[in-house]
1. What helices does the chain hold that run 18 Å or longer along their axis, going by alpha-carbon atoms, with a Kyte-Doolittle average of -1.0 or more, using DSSP H for the helix calls?
2. What's the extension gain from residue 172 to residue 7 if we count 0.36 nm per residue and subtract their Cα-Cα distance?
3. Within a Cβ distance under 13 Å of residue 102, other residues only, what is the Lys/Arg minus Asp/Glu net charge?
4. In nm, give the distance between the simple-model label positions of residue 73 and residue 135, each being 7 Å from the Cα along the Cα-to-Cβ direction.
5. What distance in nm separates the two pseudo spin-label positions at residue 245 and residue 14, each 7 Å out from Cα along the beta-carbon direction?
6. How high is the relative contact order of region 126-265, given as a whole-number percent (alpha carbon pairs under 8 Å, six or more residues apart)?
7. Could you give the longest part of the chain that holds none of the trypsin sites (Lys or Arg not before Pro) found in DSSP loops with at most 11 neighbouring Cβ atoms within 10 Å?
8. Over all directions, average the projected area of the Cα convex hull of the chain and note it in nm².
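The values are calculated or read from the model by the stated rules, or taken from the named source; none is laboratory data. Quantities reported herein were computed from a predicted structural model and do not represent experimental measurements. Counting neighbours? That spans all protein chains shown, and the Cβs are built from the backbone with ideal geometry, glycine included. Surface accessibility is based on the protein's heavy atoms, side chains included, excluding ligands, DNA and RNA. Shrake-Rupley method; radii C 1.70, N 1.55, O 1.52, S 1.80 Å.
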Amino acid sequence: MAHPVLHVPVRDVTDDEVSSYQANGWAVLPGLVAADYVAELRERALIRLRAREGPFRNSFVDQAFGQDRDIARNDEAYAALALCPQIGGNVVRLLHGVTGVRLQVTNLLIKEPAGGDGHGATVFHQDFPWMPMDRSAMLTVWLALADVPADMGSLRFYTGSHLHGTLGRSFTREGDDALTQQPWLHGLEMSPPLDLKAGDATVHSSLVVHGAPANQRDLPRLSFTATYFDADALYTGSRYGQTDDLGLEVNRPFDHPMFPVVATS
């Protein structure tokens, strides 16, 4: 994936935001991306969504939200954002002890209004249990492409849950959400409902337990996510759809065009 030349107006994260992320496993980044750039992303998203054929309903994940996976490989504006040095530099600062990061995946996400053929709640889960990396230094930037009031389904997080290691996979069968598997999580503090403006973002660790309520508004929730991981991580060989056929070597870094290095310190 080549680095695009488009200018992307992304601000630097603050020291307080870095501290909050590292302590809690998540943080809110107000106004991370400038409004005019987000407006362009939103228009591109709506065009792509209008062109899709039918709803996404192929798995437990698809019951919670729809995905246009790897959108940065198909759209230069999304690629420019995902690969821009400012984003990469922010991620290096947020993740503890890494000297560089690779882009793992990008997604255009849509959560349709609840009811009928709409989407339901996103069950509470961790991201990392699925991953074929040998270390969990990984985070996701979740960018609101339009205003996302809390009752539209903005993310909720169990603060500090990232400190408890890998807690098991979700989205494999009915009733396998993190709270069912690990009831003690109810004793942790849950993040407050978040009202996000277009251009606001949240960041969350691959180990933090997170989910989202159903969308109770009349419009779909639109967001873009980009996930990054430690550039020095080694491939474990664990089966994973994104990596199974890439010819990666076990116990070697992810040196493949699918996982470009975005930033180094």
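1. The answer, listed by residue number, is 35-51.
2. So the chain would gain 55.4 nm between residue 172 and residue 7.
3. Numbers: positive: 135; negative: 230, 232, 255.
Value of the local net charge: -2.
4. Between residue 73 and residue 135, the label points sit 2.6 nm apart.
5. Simple spin-label model gives 4.7 nm for this pair.
6. On the way: 249 pairs, mean separation 53.8, N = 140.
Relative contact order for region 126-265 comes out at 38 percent.
7. Numbers: sites that count: 52, 57, 173, 239.
The segment 58-172 is the longest one with no such site.
8. Working: hull surface 53.0 nm².
Across all orientations, the chain yields a mean hull projection of 13.3 nm².
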